[in-house]
Every structure is written in C-alpha cells, then in structure tokens.
Protein chains: 2
Amino acid sequence: VCVLIVSEPVAEQCVTFDEVEAAVREIFLALHAGQARVFEVVRATGAHKTTGFGVKSAVNLRTGRFSAKVGSYAPDNARRGLPAHTSTILVFDTATGAPVAMIGAGRLNGMRTAAANALAARLLAAPSSRVLGVLGTGHQAAFEAWAVCRVRPIERILCWARTSQSVESFATEVKAHTGIRPEFAECEQVARAADILATVTPSTRALVRREWVRPGTHIAAMGADAAGKQELDVELVRDSRVFVDRAEQAAVIGESQHAVRAGYLTVEDLQTRTLGALLAGAVQGRERADQITVFDSSGIALQDLAVAELVIERAAKRADVVRTTVSLLET
Amino acid sequence: VCVLIVSEPVAEQCVTFDEVEAAVREIFLALHAGQARVFEVVRATGAHKTTGFGVKSAVNLRTGRFSAKVGSYAPDNARRGLPAHTSTILVFDTATGAPVAMIGAGRLNGMRTAAANALAARLLAAPSSRVLGVLGTGHQAAFEAWAVCRVRPIERILCWARTSQSVESFATEVKAHTGIRPEFAECEQVARAADILATVTPSTRALVRREWVRPGTHIAAMGADAAGKQELDVELVRDSRVFVDRAEQAAVIGESQHAVRAGYLTVEDLQTRTLGALLAGAVQGRERADQITVFDSSGIALQDLAVAELVIERAAKRADVVRTTVSLLET
C-alpha cells in the first residue's frame with residue numbers, strides 16, 4: 001500500500017466530464033441516503049493580504065474514504081501568468097486512517113462544480129432553453145457554460161463581466177468547448193435575455209434585479225460560497241423555487257444566506273430541497289413552466305471526494321504518477 | 001519550485017526535541033503578537049464506526065505559510081500492530097496558494113504536543129518537582145513524560161492506565177528517554193503523589209478528584225481535545241490557575257469546556273491566560289507556591305505548522321525526500 005501523488009495535468013487526463021457528472025450524481029444520492037457526510041467548511045481569512053484559503057472535508061461511507069481539500073484563491077497570480085485558484089485533495093482510508101492520495105485538482109475543481117450545475121439544470125431548466133446568460137468570465141465561468149451547453153440546446157451565450165481582464169481566455173475556452181462564441185452585453189441585458197442564467201462572480205452585493213428575470217428562467221447561482229457573498233436580489237430568491245447542494249452550508253455561505261436572514265427561507269425549507277432529493281425523485285423540481293428556479297451551489301466536499309475517487313481508480317494504473325509512503329501505515 | 005513529500009521516518013530524523021520546543025515557543029509568541037492565526041478545528045465524527053478524523057489549519061504571517069493537518073485516530077489499528085494515530089500536514093505558500101510540502105507527522109505530532117507541555121511546565125511547575133504522575137499510557141503519554149523530565153528534576157514516575165494494553169511499550173519508551181522506570185499505581189495514588197501530573201487519556205468523565213491534588217501541584221491536562229472529553233473534576237479546575245494554548249478552542253474542546261459551562265471560567269478570562277502571554281511575560285504564572293496550576297492543551301494547528309516549517313528547511317537538503325509537482329503553480 002502506498003500514497004499516490006497525482007499532479008493536476010495527470011489528474012485531468014484521468015477523467016471525462018461525463019464521468020465526473022456521473023460520480024457527482026452518485027455522491028449526491030449517497031448524501032441523500034445518509035451514506036455520506038459533509039463536515040464544516042473552514043474559511044481561512046486574514047492568512048494573507050489578498051490570498052484566501054478554504055478547507056472542505058467529507059466522508060463517503062459506501063467506499064470508506066475521507067477527504068480534505070485545501071482550496072486557495074490568489075487573485076494576484078493572474079499578473080504572474082499563473083492560475084488564481086488551486087485545489088489540493090488529500091484522501092484517507094477510514095478503516096486505518098492511512099493517507100491514500102494527494103491530488104492536484106485545480107481543473108477538476110472546476111469540473112466537479114460545473115457537474116452539479118449540469119445535474120440541477122437537467123432537472124430544473126426548461127427543456128427548450130436556447131439562451132444562456134453568464135455573469136462573470138473567470139476560471140469557473142467557462143466550465144459553467146460548458147456544463148449547461150451539454151444538457152440544454154443552447155444556441156446563444158450572452159455574458160458580462162465587471163472587468164475585461166479574463167474576457168479573452170473565457171471566450172476562447174467557451175468557443176473551444178461549446179462551439180459558440182459568447183457575445184458581451186450589459187448585466188441587465190444578459191439577465192433579461194437568458195433562459196438559463198449562470199452567476200459566477202465573487203460579488204458581495206446583488207447584481208441581478210428581481211424585475212430583470214423572466215418567468216420560467218433557471219438560475220445557476222454558483223458564485224456565493226462565503227459569508228457576505230451575494231449575486232441575486234433577495235426578492236428574486238424569495239420569488240423563486242430554490243434548490244441547494246447542502247442546506248446547512250447554503251444557509252450560511254451560499255446565495256440563500258440573505259433570504260434566510262431576511263426570513264424568506266429557513267434551513268428546514270432547504271433541507272427538503274437538496275440536489276440529492278431532486279436526483280432521488282423525493283422532491284418536485286419546477287412546479288410550473290413560469291416559475292423561476294434557482295440552484296444555489298456553494299460546492300460541497302463530497303464533490304471533491306467523488307472526483308478524487310475516480311482519479312485514484314484511474315491513476316493507480318498509470319506510470320506517470322508518484323507512488324511513495326508518507327505515514328507509518330503504508331510502510 | 002516543487003512539492004516536498006516527507007515520510008514520517010525522514011521527518012522525525014529532521015528535528016530534535018530541543019528544536020521542536022524552540023519552534024513551538026516562537027509560534028506561540030507569534031500568536032500572542034497577532035502574527036499568526038488559528039482557524040476552526042473540524043471534528044469529523046461518524047466517518048467510520050471507530051476511526052475519527054480531525055482537521056486543524058493555521059497561518060504564520062511572519063513566514064507566509066498556511067498549513068492544514070489531517071489527524072486520524074483508529075483504535076483498531078493496535079490489533080493490526082499499526083499506530084492508532086496518524087498526522088499528515090500540508091503546507092502552502094500564502095503568496096500564490098501553491099502547495100509546498102506534505103509531511104507524515106505522526107511522531108512529530110507527539111513531539112509538538114509535548115513541547116507545549118514542556119514550555120508551560122518550565123513557567124508553571126514548582127522548580128523542585130521530583131515526582132511525575134502520568135494518567136494514561138498511550139502513544140502520547142510517553143512523549144509527555146519525556147517532555148516533563150527535560151525541564152524538571154524528576155526522580156520518580158508513577159502512572160496509571162484504564163487498560164494494560166499499552167503499558168509495556170510505554171514503560172520501555174519512558175525508560176529509554178528518561179532513564180526512569182515508571183511504577184504503576186492506582187489513579188488516586190498517582191494523583192496524590194504527583195508534583196506534576198500529566199493527564200493523557202481519552203476520558204469523557206472526570207478521573208482526578210479535587211481532594212486528591214496537593215497544593216502547589218502543576219497539572220498538564222493534555223487529554224481533552226473534543227467536546228465531551230474530561231479528565232479533571234470541574235471543582236479542581238475552578239480552584240486552579242488555568243492556562244490554555246488558545247482560549248477560543250480550550251473553551252469548546254479543551255478541559256476548560258466544563259468549567260466554562262459551569263460558569264467558573266469565561267473565554268475572556270482564558271484570553272488573558274494563554275501560553276503565548278505567559279512566554280511573553282504579559283501575564284503572571286503561578287501566584288503562590290501552594291497554588292495549583294493547570295495547562296489545558298487541546299493542541300493548536302500552529303504547533304503543526306511550526307514543526308512542518310522546521311522539517312521543510314531540513315528536508316530540502318536531503319536526498320531521501322520525494323520532490324514532485326502537484327498544482328500548476330509549481331510546473
């Protein structure tokens with residue numbers, strides 16, 4: 001027994017988007033069935049003047065694996081030509097506590113996040129959705145556009161960003177993955193035109209006004225993942241049918257935090273409207289064609305573990321992976 | 001730039017107890033000076049029927065390094081002849097978020113914990129302390145006996161354990177490190193005889209009664225590190241001068257949790273009585289020769305980071321360390 005050290009480029013070669021989506025689906029079903037658990041998210045603020053770290057941990061009781069992911073966000077990296085986000089996942093065997101793998105998961109993180117969006121859009125977005133609106137053009141936004149285009153017959157992609165910094169690489173990546181060249185417009189125009197609206201910004205104030213959103217729109221609220229983050233008017237959330245990845249987390253660090261604070265939603269409401277319950281058919285999705293639906297995703301540690309388990313299975317057969325020992329349990 | 005993977009045996013060879021104690025001293029001073037931060041402890045319960053995991057993270061603002069340690073406790077490992085505890089520390093550069101090292105830190109964890117005990121005993125225990133009492137004979141207990149013997153003229157070691165399981169290996173290790181063969185006795189006898197009493201058990205009820213402890217005794221309360229754990233009568237804590245590694249943590253998962261709940265101590269009291277403040281000379285230690293002092297240690301993430309930084313410095317010069325890349329930031 002030894003520990004696999006899988007670098008980011010190798011990890012990415014180990015999986016396809018289809019496989020990631022299937023693994024993420026399974027883990028949300030396991031969570032719904034009580035066969036997986038998610039622990040508290042640690043937000044390490046004040047670690048550096050601009051860089052932030054987060055730690056997310058979870059266990060899959062079906063496979064007996066525990067994971068802890070350290071994610072970092074260093075916006076200054078862009079100036080150095082480096083990615084702003086990194087994700088490093090450690091996986092452990094719950095029978096002995098032995099470390100099993102360390103995986104560079106920067107791009108996998110983008111895929112596991114977008115996979116949840118795709119799963120929710122399959123069940124919530126109008127089948128005829130043709131126009132995708134994307135707010136934000138960072139690293140994650142391209143993954144979200146790709147994910148939605150896989151599950152709905154999108155013909156146009158409209159997008160908006162606060163700064164022009166990442167617009168070029170976003171356009172290139174979206175074109176490469178979806179065949180559609182995104183068009184840039186004002187935030188209001190994007191929101192008004194969208195059949196599906198993906199919000200993928202680090203905003204701390206509402207960007208999307210209630211009156212901009214047409215009946216029947218599906219919103220993938222992917223940006224808010226910390227206390228204080230917000231992309232949607234609280235009235236927009238109030239008037240929508242909201243689903244979450246995990247109720248306890250969404251109520252504190254997700255887009256739902258503001259509606260919960262305003263008294264429009266409770267944690268108990270959200271506990272019945274999880275992606276797991278939706279996938280299991282335990283709760284109704286969209287109730288009417290003119291209803292606005294929201295999928296509030298702050299990203300849960302089980303998505304990391306699901307992808308990591310896929311990578312471990314594939315990487316075990318590869319030659320370009322480092323095998324070593326770390327604890328006394330492997331030696 | 002690459003990531004160092006340092007296995008447990010190599011990591012242990014990189015440092016001495018003196019160096020660990022000096023590094024732990026520096027980091028407690030940095031915490032006191034506001035130049036280091038500790039984040040919430042994650043206790044992953046229900047991950048397995050017997051195995052538990054914990055995640056502790058911290059940042060050293062002086063060096064620009066962030067760490068997350070995953071610790072595991074799998075009591076069933078003993079039957080397989082494997083260590084019950086493992087610790088794996090990941091270290092990151094706060095400027096870019098890049099991973100710097102993964103370190104197998106099982107034995108280092110024992111040393112970093114005992115180093116805080118030694119630092120506190122230097123400042124709190126009576127200089128003439130001759131008899132050390134140890135409750136518990138697990139993995140950590142031997143480190144604690146070793147640490148105390150380094151800082152006080154201990155001549156006798158009395159110990160007690162609930163089960164005889166680890167008694168032999170404890171006796172062998174203590175003899176090897178201190179030259180003293182520990183004598184076994186009842187819990188009460190050990191407590192009554194001790195000038196310094198180290199409690200190192202996983203107990204969830206008080207083991208040491210108020211009336212057993214002589215005036216002037218110093219107690220190193222090392223066992224309680226989770227909600228519900230307890231080793232000392234709450235009246236014993238009430239009647240003692242209590243110091244902590246970190247107030248916010250001790251009040252929730254340390255021995256102090258019970259005195260805080262009973263109203264005998266507040267978090268604000270404890271905030272003035274930290275090991276950092278004691279080391280900086282900002283608070284008086286023992287006030288009278290007949291006072292009972294308690295050092296309540298639940299173990300903080302900065303101790304892990306301090307030791308990890310030492311290991312990184314040394315390991316960088318060694319040949320028996322794996323150097324690889326994990327994220328896109330090192331490639």
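Here chain A is assigned +1 on the Cβ of each Lys and Arg and -1 on the Cβ of each Asp and Glu. Its dipole about the Cα centre then comes out at about 180 debye.
Its relative contact order, with pairs defined as Cα atoms under 8 Å and 6+ residues apart, puts the stretch A:172-283 at 20 percent.
Between identical copies, the spacing of residue B:284 label points, each set 7 Å from Cα toward the C-beta atom, reads 7.1 nm from nearest to farthest.
For the stretch A:16-107, the calculated P(r), taken from all Cα-Cα distances in 10 Å bins from zero up to the bin holding the longest distance, is 15, 37, 33, 14, 1 percent.
Add +1 for every Lys or Arg and -1 for every Asp or Glu among the other residues with Cβ under 9 Å from the Cβ of residue A:223, and state the total. For residues surrounding residue A:223, the net value is -2. For chain A, the longest principal axis of the C-alpha atoms and the axis of helix A:17-32 are separated by about 90°. If you filter the stretch B:165-253 for chymotrypsin sites (Phe, Trp or Tyr not before Pro), then keep DSSP loop positions with at most 14 other Cβ within 10 Å, what is left? Passing sites in the stretch B:165-253 do not exist. According to the Cα-based calculation, Rg over Rh for the stretch B:74-140 is 1.13, with Rh computed by the Kirkwood formula.
Backbone geometry of the stretch A:295-307 corresponds, through the Karplus equation with coefficients 6.51, -1.76 and 1.60 at θ = phi - 60°, to 3J(HN,Hα) couplings of 10, 9, 10, 9, x, 10, 4, 5, 5, 4, 5, 4, 5 Hz, x marking Gly and Pro. Computed about the Cα centre, the dipole magnitude for the stretch A:1-133 is approximately 360 debye when only Lys and Arg (+1) and Asp and Glu (-1) carry charge, each at its Cβ.
Cross-link partners for residue A:69 among the lysines, with Cα-Cα distance under 17 Å and sequence neighbours closer than 8 places in the same chain left out: A:56, B:56, B:69. Couplings 3J(HN,Hα) of the stretch A:262-277, computed from phi: 7, x, 7, 9, 10, 4, 5, 3, 5, 4, 8, 10, 9, 4, x, 5 Hz, in residue order, whole Hz [Karplus 6.51 cos²θ - 1.76 cosθ + 1.60, θ = phi - 60°; x for Gly and Pro]. Of the residues A:218, B:139, the one with the largest accessible area comes first in the ranking B:139, A:218, computed with a 1.4 Å probe on protein heavy atoms. The local environment of residue B:54, defined by Cβ-Cβ distances under 13 Å, has a net charge of 0 under the rule Lys, Arg +1 and Asp, Glu -1. Taking label positions 7 Å along the Cα-Cβ direction at both residue B:95 and residue A:269, the computed distance is 4.7 nm, reported to one decimal.
Distances between placed amide hydrogens fall under 5 Å for residue A:133 paired with A:158, A:195, A:196, A:197, A:198, all partners being 5 or more residues away or on another chain.
Exposed loop sites are taken as GluC sites (Glu not before Pro) in a DSSP loop (any state but H, G, I, E or B) with at most 16 other beta carbon atoms within 10 Å; the longest stretch of chain B without one runs B:1-154.
In this structure, the amide hydrogen of residue B:246, modeled 1.01 Å from its nitrogen in the peptide plane, lies closer than 5 angstrom to those of B:298, counting only residues at least 5 positions away or on a different chain. Sites listed here are trypsin sites (Lys or Arg not before Pro) in the stretch B:1-105 whose DSSP assignment is loop and whose Cβ has at most 15 other Cβ atoms within 10 Å: B:49, B:62. The other copies place their residue B:181 label points at 8.7 nm from this one, listed shortest first, where each point is 7 Å from Cα along Cα→Cβ.
Computed from Cα positions, the angle between helix A:106-124 and the longest principal axis of chain A comes to roughly 50 degrees. This model, with +1 at the C-beta of Lys and Arg and -1 at the C-beta of Asp and Glu, gives the protein assembly as shown a dipole about its Cα centre of some 220 debye. Using just its DSSP H runs of length 4 or more, each adding -39500 (n - 2.57), chain B gives a mean residue ellipticity at 222 nm of -10500 deg cm²/dmol after division by all residues. For the segment A:76-83, counting C-beta atoms of other chains within 10 Å of every residue's C-beta and taking the mean gives 3. Here the contact order of chain B, divided by its residue count and restricted to Cα pairs under 8 Å and six or more residues apart, works out to 22 percent. Label positions at residue B:313 and residue A:18, each projected 7 Å from the Cα along the C-beta direction, are separated by 5.3 nm. Positive contributions from Lys and Arg (+1) and negative ones from Asp and Glu (-1), summed over other residues with Cβ under 15 Å from the Cβ of residue A:262, come out at -2.
In sequence order, the stretch B:48-58 has phi-based couplings of 6, 5, 10, 7, x, 10, x, 10, 10, 10, 7 Hz under the Karplus curve 6.51 cos²θ - 1.76 cosθ + 1.60, θ = phi - 60°, and Gly or Pro positions carry x.
Amide hydrogen proximity for residue B:292: with H placed 1.01 Å from N in the peptide plane, the residues at 5 or more positions away or on another chain lying under 5 Å are B:216, B:241.
Label point of residue A:35 (7 Å along Cα→beta-carbon): distances to the other copies' equivalent points are 5.2 nm, sorted ascending.
The values are calculated or read from the model by the stated rules, or taken from the named source; none is laboratory data. Please read these numbers as outputs of a predicted model, since none were measured by experiment. Neighbour counts are summed over all protein chains in view; Cβ atoms, including those assigned to glycine, are modelled from backbone coordinates with ideal geometry. The accessibility values were calculated without ligands, DNA or RNA, using every heavy atom of the protein model including side chains. Shrake-Rupley method; radii C 1.70, N 1.55, O 1.52, S 1.80 Å.
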